[in-house]
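These notes are about the structure you will find just below.
The values are calculated or read from the model by the stated rules, or taken from the named source; none is laboratory data. Because the structure is a prediction, the values reported are computed rather than measured. Cβ atoms come from the backbone with ideal geometry, glycine included; neighbour counts cover every protein chain shown.
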Amino acid sequence: MNSPIPLLSDSLEFPDPRRAQDGLVAIGGDMSVPRLLEAYRQGIFPWTADPLTWWSPDPRGIFELGQFHVPRSLAAELKKGRFQITFDRAFRRVIQSCAWQRRHHTWIAPDFVESYSRLHEAGHAHSVECWLQNDLAGGVYGVAIGGFFAGESMFHRADNASKVALCHLVERLRARGFALFDIQMVTPVTEQLGAKLISRDEYLARLKTSIGLPAKF
């Protein structure tokens, strides 16, 4: 018989993610900058806003930065150079676009937009923008702590724009000494690019090492 799901108090402490029930760690609390950072440091992330739920799935989806796969068609797109890539130039627009693209089945409620925008202002949430003729055509956003990056969501308004943004993100993480690229779950799109699943225990061990690295986004 499963135990009741823990309810968070004003304390920033989280239950041990290894005791999560089908990935659900806890309910409640808030999405303040300190609480979000503490969650990510423990391998936990928020998923729904009402009620606010906190998760640590097993297994966990990641990209191995040294094994990211660029299919031939995507390599051809990158070679064309038709997109302009920027970093942290339009964070709020990127997260709002991710929410809009998935508006019928998204976890990116308005509270998430505000909370992650505050996390961006604090220097821990980042975006990659993909522009086409001065229009925002695609992008990715996520959270960085030390040498750890948690990819949260991506969107596109032009073919391949989100994948091009993701390629540039991987290149940046490699160049800047990141060790772990968390994507939470593997989708058909990310699987084509080399995403894989690892156990939660392995993930938490690698997370502990990566957040202590002196990498900077």
Seminar exercise, completed: Being in the same structural domain as Gly66 (by TED's automatic domain parsing), under 18 Å from Gly43 (Cα atoms) and among the β-branched types (Val, Ile, Thr) narrows Val186, Val113, Val164 down to just Val186
Problem set entry | Check on Phe155, in contact with a helix residue (DSSP H, G or I) (Cβ under 6 Å, 6 or more places away or on another chain), buried (at least 21 other Cβ atoms within 10 Å of the Cβ) and not hydroxyl-bearing (Ser, Thr, Tyr) | yes
Exercise. Filtering the stretch 53-70 down to residues that are assigned to a loop (DSSP other than H, G, I, E, B) and either aromatic (Phe, Trp, Tyr) or closer than 24 Å to Gly177 by Cα (or both), which residue is nearest to the chain's Cα centre (by Cα)?
Worked result: Glu64
Exercise. Does at least one position in the stretch 82-97 carry a residue that is in contact with a Cys (Cβ under 6 Å, 6 or more places away or on another chain), surrounded by 15 or more Cβ atoms within 10 Å (Cβ to Cβ), part of a loop (DSSP other than H, G, I, E, B) and at pLDDT 95 or above?
Worked result: yes
Exercise. Does His69 count as touching a strand residue (DSSP E or B) at 6+ places or on another chain (Cβ under 9 Å) and either farther than 16 Å from Val170 by Cβ or in the same structural domain as Val189 (by TED's automatic domain parsing) (or both)?
Worked result: no
For this session: Could you tell me whether any residue of the stretch 171-180 is under 21 Å from Trp54 (Cα atoms) and aromatic (Phe, Trp, Tyr)?
Result: no
Seminar exercise, completed: Of the residues in the stretch 23-52, those that are modelled with pLDDT of 95 or more, out of contact with any strand residue (DSSP E or B) (no Cβ under 9 Å at 6 or more places or on another chain) and either assigned to a loop (DSSP other than H, G, I, E, B) or among the basic types (Lys, Arg) (or both) come to Ser32
Exercise. For Thr106, which of the numbered conditions (1) modelled with pLDDT of 95 or more; (2) within 20 Å of Gly61 (Cα to Cα) fails to hold?
Worked result: (1)
Problem set entry | Among (1) in contact with a helix residue (DSSP H, G or I) (Cβ under 6 Å, 6 or more places away or on another chain); (2) modelled with pLDDT under 95; (3) part of a helix (DSSP H, G or I) - the single one Leu119 does not satisfy | (2)
Exercise. Is there a residue being of a type in the set (Gly, Ala, Ser), under 30 Å from Val164 (Cβ atoms) and surrounded by 15 or more Cβ atoms within 10 Å (Cβ to Cβ) anywhere in the stretch 28-42?
Worked result: yes
Exercise. Within the stretch 192-201, is there a residue that is touching a Lys or Arg at 6+ places or on another chain (Cβ under 8 Å), under 28 Å from Leu132 (Cβ atoms), of a type outside the set (Ser, Thr, Tyr) and surrounded by fewer than 18 Cβ atoms within 10 Å (Cβ to Cβ)?
Worked result: no
Exercise. Out of all the residues in the stretch 44-70, which are of a type in the set (Gly, Ala, Ser) and more than 11 Å from Met31 (Cα to Cα)?
Worked result: Ser56, Gly61, Gly66
